[in-house]
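A.B. asks: One structure is given below, represented as structure tokens, and several questions about it will come after.
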């Protein structure tokens, strides 16, 4: 006797074969979901691409243009990988040169006094919010130092793709998770970072 289509679908659902299209396209090897499709949720001009980029900075340098909301990873020979970013309050108030002093996957987030003043309920994370899909630091974080001094500026993942290309209420420099993973894998400890003011 043949099996009806309805019975077949019910059997497949019960066995967990269909988990939803979004879950099916989650990036492999990550402890929490990261989706390639997030790139389609940001304006086209802020999607990652290789571009012409004239600069005197050496290959491997990160240049953040906070005014245009772009981060450039210098490749050399007049080329760079460009990423769209969100720029938080901290990212709008700190400009200058630094180096990548630390790299973390799914980092712990600790709210700053400024965060607590604006969002008092964040006091529950005063000892640190573990990495995960709701953590404001996202999937990766690059920590900016000047010598041995932590600048408290981070380049990190964004929980919501809608934050890209915008001024955000809190945080530093954020990329969608799929992009911060891409950048993280290509940046070395000690790499130079230049953050430009909005009018540069």
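A.B. asks: For residue 159, only one of the following conditions fails: (1) in contact (Cβ under 8 Å) with a residue 24 or more places away in the chain; (2) in contact with a strand residue (DSSP E or B) (Cβ under 8 Å, 6 or more places away or on another chain). What is its number?
C.D. replies: Condition not satisfied by residue 159: (2).
A.B. asks: From the list 140, 192, 166, pick out the single residue that is surrounded by 14 or more Cβ atoms within 10 Å (Cβ to Cβ) and in contact with a helix residue (DSSP H, G or I) (Cβ under 6 Å, 6 or more places away or on another chain). Quick ask: steps written out before the conclusion?
C.D. replies: Numbers: 192 fails: in contact with a helix residue (DSSP H, G or I) (Cβ under 6 Å, 6 or more places away or on another chain); 166 fails: in contact with a helix residue (DSSP H, G or I) (Cβ under 6 Å, 6 or more places away or on another chain).
Of the residues listed, the single one that is surrounded by 14 or more Cβ atoms within 10 Å (Cβ to Cβ) and in contact with a helix residue (DSSP H, G or I) (Cβ under 6 Å, 6 or more places away or on another chain) is 140.
A.B. asks: Same structure, new question: Which of the residues spanning segment 89-126 are touching a strand residue (DSSP E or B) at 6+ places or on another chain (Cβ under 8 Å), at pLDDT below 80 and not in a loop (DSSP other than H, G, I, E, B)?
C.D. replies: Within segment 89-126, 90, 91, 92 qualify.
A.B. asks: If you go through segment 184-200 one residue at a time, how many are within 22 Å of residue 34 (Cα to Cα) and not in a loop (DSSP other than H, G, I, E, B)? Write out each step before concluding.
C.D. replies: Applying the first criterion (within 22 Å of residue 34 (Cα to Cα)) to segment 184-200 yields 184-187.
In the following step, the residues that additionally are not in a loop (DSSP other than H, G, I, E, B) were identified as 184.
Residues in segment 184-200 being within 22 Å of residue 34 (Cα to Cα) and not in a loop (DSSP other than H, G, I, E, B): 1 in total.
A.B. asks: Residues 74, 64, 51: which one is within 30 Å of residue 118 (Cβ to Cβ) and either modelled with pLDDT of 95 or more or buried (at least 17 other Cβ atoms within 10 Å of the Cβ) (or both)?
C.D. replies: On the way: 74 fails: within 30 Å of residue 118 (Cβ to Cβ); 51 fails: within 30 Å of residue 118 (Cβ to Cβ).
It is 64.
A.B. asks: Further question on the same structure: Exactly one of (1) outside any helix (DSSP H, G or I); (2) surrounded by fewer than 10 Cβ atoms within 10 Å (Cβ to Cβ); (3) at pLDDT below 95; (4) more than 18 Å from the chain's Cα centre (by Cα) is unmet by residue 56. Its number?
C.D. replies: Residue 56 satisfies all of (1) outside any helix (DSSP H, G or I); (2) surrounded by fewer than 10 Cβ atoms within 10 Å (Cβ to Cβ); (3) at pLDDT below 95; (4) more than 18 Å from the chain's Cα centre (by Cα) except (3).
A.B. asks: So which of 128, 84, 88 ends up being free of Cβ contacts under 8 Å to residues at least 60 places away in the same chain and either crowded, with 18+ Cβ neighbours inside 10 Å or on the phi > 0 side of the Ramachandran plot (or both)?
C.D. replies: Working: 84 fails: free of Cβ contacts under 8 Å to residues at least 60 places away in the same chain; 88 fails: free of Cβ contacts under 8 Å to residues at least 60 places away in the same chain.
Every option except 128 fails the conditions.
A.B. asks: Checking the condition at pLDDT 90 or above and over 25 Å from residue 95 (Cβ atoms), which residue from 155, 181 passes? Explain how you work it out, then say what you get.
C.D. replies: Details: 155 fails: over 25 Å from residue 95 (Cβ atoms).
Step by step, each of 155, 181 is checked, and only 181 is at pLDDT 90 or above and over 25 Å from residue 95 (Cβ atoms).
The values are calculated or read from the model by the stated rules, or taken from the named source; none is laboratory data. If you're wondering where the values come from, they're calculated on a predicted model, not measured in any experiment. Please note: Cβ atoms are built from the backbone with ideal geometry, for glycine as well, and neighbour counts cover all protein chains shown.
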